[in-house]
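Shown next, in structure tokens, is the structure this report addresses.
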Amino acid sequence: MPSLAPTEILLCTLNARYIHCAFGLRYLQANLGSLQSRSKILEFTISQAAENPGSIVDALLAHHPRIVGFGVYIWNATQTLEVVRRLRQASPEIRIVLGGPEVSYETESQEIVQLADHTIRGEADLLFRELCQELLSEPQSAPFSSSALLRLASKKIIEPELPPLQALALPYSLYSDEDLRNRVIYVEASRGCAFKCEYCLSSLDLRVRSFDLARFLAEIDSLIQRGARQFKFVDRTFNLSPKTSTAILEFFLSRSHLGLFLHFEMVPDRLPEELRRWIVQFPPGSLQFEIGIQTWNPEVSARVSRRQDTAQIEKNIQFLRSETGVHLHADLIAGLPGETLESFGQGFDRLARLNPHEIQLGILKRLRGTPIIRHDSEWGMSYSSEPPYEIQKTHHLSAEEISELKRVSKVWDLIANRGYFKSTFELLRTDALFAEMRHFTRFVWGRFGRTHSIDLMSLAEALYDFLIQHREQDAAVVSRALLADLQAPEVRPIPSFLKPFWLENLAPRRPNKATLSSRSPLTPSLPKRQKRFQTEEKT
């Protein structure tokens, strides 16, 4: 790799995919002050690291850095460790600084922390600049021991105080034009969470802190003027303050004609009238709400310190599905202490009857630092020792049952969450949908030996065979449903297993591009998955 002009400070992370932006690194760079011009952000993906970690190290070394900071998260911890190992071996004189939630708790026991020079636990927005100022003030060839008199540079583990949000430089101008065109744009109006759910890192927050709203919205307006159309709020509880929430919604509604798409995490039982009045005015599909149900079991919910009004949650979901165009994404967690397969299935069916657009069936993870570990002994909680630290078994769920739940989750995502089989899925739906999904997942597993990397047409044929062979559905009904799904919103080739039925019954009715293009236009900036749901609901 050719040598580049020296950059003294590199900010690096491994994103899950290219489409994701490193929000935290942009905060660090925005707050470097006079050092910002001496820094650069380098983003890679975990797939790059898995295939060739040496290439990432080469890319870093080409800049001749003196300091390399890594953002470490549960999804990139394993790959980042390998990159740090190789960087340390290749260039021992480079100061390696770690930050991020994965290294902010249970810090000292981690190999990656031992390899690094410094680890900043918690919010490093301001303290990273102070550390860099000290490190860069040393003679470049000085040994580590020479920093003994410096306040931060002599510390391996650094614990900052929470920075006052009003003192932070906001990072939004650091989103490039390429970011705005091709990547998820993350924003935040607040930090922290008012709730104490024991499986979540937000349970460790002392309070909710809010950015100055006028200043925040001015930054968002600047992004919109530059062409940004999709925004993902990372606030843990967007609707905690109705006054703030309505002000933000009012701001975006006045610009909704530009074709905006907004993602919010919402507390599911908090939807007051003043919030509803704004929500109903948004164009279909332009809002996505992610709501965490996690469990419907009141005993399990109380056990992990989760407070929620399940009756109100049902009313709110019914309102959102019947009276708004909100795309609704609901979360459940399998493996919580005391949750049985039966009670989880009952909760899944209860949520499915409310018909959110997507149900995320997640597996409990033991995030470092969270108090969920207090249940380990009583409830037999056993977790993987490797990221993402998923639950392996409990007193109420065997290892085999948890493995099955993981497969069900993947198959559910393929046939329900992605929006490809909306009509056909209705033929699969029953009041006991969880049991039906277990049955269908076993069918898929038996046919393919896997629940990933299954192409759309193979999955369609599996649905066809399952509904006819195991559900004894009428072949004409199943064929018609599958053809409707596979031909909208874009025209696809007719799969071979459906051609006989199509030629005999539907050939004259096959939709064409002219017909499809005459339908009411959708918001152009909608993500592909959300656009599929909205197209199918409009037709």
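Just so you know, all these numbers are worked out from the coordinates, no wet-lab data involved. Note that the coordinates shown come from a computational prediction; the quantities given were computed from them, not determined experimentally. Because the Cβ atoms are built from the backbone with ideal geometry, glycine has one as well, and the counts that use them run over all protein chains shown.
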Please list, in order along the stretch 33-47, the HN-Hα scalar couplings obtained from phi with the Karplus expression 6.51 cos²θ - 1.76 cosθ + 1.60 (θ = phi - 60°), rounded to whole Hz, x for Gly and Pro.
x, 5, 7, 4, 5, 9, 10, 8, 9, 10, 10, 10, 10, 5, 5
Running Debye on the stretch 324-443 with equal point scatterers at the Cα sites and no solvent, what base-10 log of I(q)/I(0) appears at q = 0.10, 0.13, 0.14, 0.15 Å⁻¹?
-0.33, -0.54, -0.62, -0.70
Sorted by chain and then number, the residues having a modelled amide H within less than 5 Å of the amide H of I363, at least 5 places away or on another chain, are A334
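Taking only DSSP H segments of four or more residues, each worth -39500 (n - 2.57), what value at 222 nm results for the chain once the sum is divided by all its residues, to the nearest 500 deg cm²/dmol?
On the way: 21 runs with 208 residues, N = 539.
Result for the chain, helices only: -11500 deg cm²/dmol.
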Looking at the stretch 1-97, which GluC sites (Glu not before Pro) are in a loop (DSSP not H, G, I, E or B) and have at most 13 other Cβ atoms within 10 Å?
E93
Mind checking which lysines have their Cα closer than 26 Å to the Cα of K40? Skip sequence neighbours fewer than 8 apart in that chain.
K155, K156, K232
Nearest-20 debye value, the stretch 341-444 charge dipole, Cβ charges on Lys, Arg, Asp, Glu
260 debye
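Kindly rank 118-125, 201-208 from highest to lowest mean number of other beta carbons found within 10 Å of each residue. It would help to have the intermediate numbers written out before the result.
Numbers: 118-125: 22.4, 201-208: 15.1.
By packing density, highest mean first, the sequence is 118-125, 201-208.
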Bridge type composition, the chain - antiparallel percent by DSSP, nearest 5
10 percent
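Stick to the Cα atoms of the chain, pair each with every other, and give me the Kirkwood hydrodynamic radius in Å at one decimal. Could the numbers behind the result be given before it?
On the way: mean 1/r = 0.0390 Å⁻¹.
It is 25.7 Å.
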If you line up the Cα atoms of the stretch 1-103 on their principal axes, what length do they span on each, largest first, in Å?
33, 27, 24
Restricting things to Cα coordinates, could you compute the convex hull volume per residue of the stretch 218-261 in Å³?
74 Å³
Restricting the stretch 291-387 to trypsin sites (Lys or Arg not before Pro) in coil, as DSSP defines it, with at most 16 other Cβ within 10 Å:
R307
Charged-residue dipole, Cβ positions (Lys, Arg, Asp, Glu), the chain about Cα centre, Debye nearest 20:
1080 debye
How high is the FRET efficiency between E426 and E342 when r is their beta carbon distance and R₀ equals 22 Å, given to the nearest 0.05?
0.30
Please work out how much length the chain gains when fully extended from S458 to E161, using 0.36 nm per residue of separation minus the C-alpha to C-alpha distance, in nm with one decimal.
101.6 nm
Could you work out how far helix 528-538 tilts from the main Cα principal axis of the chain, as a 0 to 90 degree angle to the nearest 10?
30 degrees
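Which of the GluC sites (Glu not before Pro) found in the stretch 154-253 are loop residues per DSSP with 12 or fewer other Cβ atoms within 10 Å of their Cβ? The partial results should precede the final answer.
Numbers: sites: E161, E178, E188, E198, E219, E250; in loops: E161, E188, E198.
Listed in order of number, the matching sites are E161.
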For the stretch 40-184, restrict the atom set to alpha-carbon positions and state the Rg and Dmax in Å.
15.7, 47
Dipole size in debye (nearest 20) for the stretch 311-387 around its Cα centre, Lys and Arg Cβ +1, Asp and Glu Cβ -1?
160 debye
Which of A77, A50, L60 sits closest to the plus end of the dipole of the stretch 1-122, meaning its Cα is farthest towards the positive end, when Lys and Arg get +1 and Asp and Glu get -1 on the C-beta?
L60
Among I248, V444, L486, the residue whose Cα sits farthest towards the positive end of the charge dipole of the chain (+1 at Cβ of Lys and Arg, -1 at Cβ of Asp and Glu, taken about the Cα centre) is L486
Where the Cα pairs of the stretch 193-254 fall when distances are cut into 10 Å bins, in %:
18, 46, 26, 9, 0
Enumerate the whole-percent occupancy of each 10 Å bin, from 0 to the last occupied one, for all C-alpha pair distances of the stretch 287-346.
21, 49, 26, 5
In Å, what Rg and Dmax follow from the Cα atoms of the stretch 87-130?
10.9, 29
Stokes-Einstein D for the stretch 178-300, Kirkwood Rh over Cα pairs, 37 °C, 0.692 mPa s (µm²/s):
212 µm²/s
Can you find, among S176, N15, P283, the residue farthest towards the positive end of the dipole of the chain? Put +1 on the C-beta of Lys and Arg, -1 on that of Asp and Glu.
P283
